[in-house]
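The structure appears below as structure tokens.
Throughout, read-outs are computed from the coordinates displayed, never taken from laboratory work. All of these numbers come straight from a predicted model, not from anything done at the bench. Glycine also receives a Cβ, built like all others from the backbone with ideal geometry; neighbour counts cover every protein chain displayed.
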Amino acid sequence: MHSAETSFLVGLEGTEITTTARPAFQLPTKTWIIIKRLGEVSMFTYQMNTDGGIPPGFSAGRFLYYSKDDSTKEPAFMRVYYQIPIYGTEWSSHNVRASQAVPPIELVELKAFRSFIKHACSAVPQLLGYHEGQQPDDGIVPGGYTTMIVWEKVPGIPLSKEYFWNLDRVQRDGILGNFRRLTRCGVQPFASSFSKLIYDESTGKISKNPGNSRLNANSYIQSHIPGFCMAVPIDSARTWTDRIYLEYGMVKAPHTQHRYDHEEEWEF
């Protein structure tokens, strides 16, 4: 398997996409109009991966959208997952590509959003809708799956180490407290990084950046395949440890082999 920037999902500006009602998540049917393509990354799989039971590869494109019913045209983020052919068969016949089609797979990003709803997590962007369907007969993989996920676009900037340590102690403590609350949502980004967090200085809030995008303290998911595109489940009831702060660079510790064992030497 390997990932790369791709251009499978291009020329879609102005396209209308409808997300279906999900009563269990209090999501109504809505139609969205694409404003702009923001980026795209594909995860390619090989025949040996498929033979080993690994789900087929996909292209994940991130777009800026607005609701057709919203006169203010307030933008939102959407990620479109599109099944792609097994690596090396992109130009194979229609029948070969169609034979690779599978129904919608369980995507970690969608699973993460559902977990946020389950835990009433206000520290992440709100899920606005999603749709699971099939590609048309002239699709990249005819009959293959396609999934669209829409979430709110919120204010804020990706947090950086330099920015964080230039804040005063009171502001940093506020960020630490909000971050700790975030970990109770049952999901965390695959990689520990400041850039996975969105900070809104006007409110002092932070949130996890759900996807390859940019969000804020009540922010969203991120867009290469980091963030919640490659999220990992965690036990929301697990015992908290300040070591998690250290993993994200929110605490300074001596660069020694046993730095995790001497919290008295840490700087918060």
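Multiply the residue separation of PHE8 and ARG180 by 0.36 nm, subtract the distance between their alpha-carbon atoms, and state the gained length in nm to one decimal. Don't jump to the answer; show the numbers that get you there.
Values: separation 172, 0.36 × 172 = 61.92 nm, distance 3.83 nm.
Once the chain is fully extended between PHE8 and ARG180, it gains 58.1 nm.
In the structure shown, do any of LYS161/LYS252; LYS30/LYS68; LYS68/LYS111; LYS111/LYS161; LYS68/LYS118; LYS73/LYS118 have a Cα-Cα gap over 18 Å, and if so which?
LYS68/LYS111; LYS111/LYS161; LYS68/LYS118; LYS73/LYS118
So if we plug the beta-carbon distance of TRP266 and PHE25 into 1/(1 + (r/R0)^6) with R0 = 30 Å, what FRET efficiency do we get, rounded to 0.05?
Working: r = 40 Å, r/R0 = 1.33.
Taking R0 as 30 Å, the efficiency between TRP266 and PHE25 is 0.15.
Give the cross-link partners of LYS36 among the aspartates and glutamates, using a straight C-alpha distance below 19 Å as the criterion and excluding same-chain residues fewer than 8 apart.
GLU5, GLU13, GLU16, ASP69, ASP70, GLU74, GLU152
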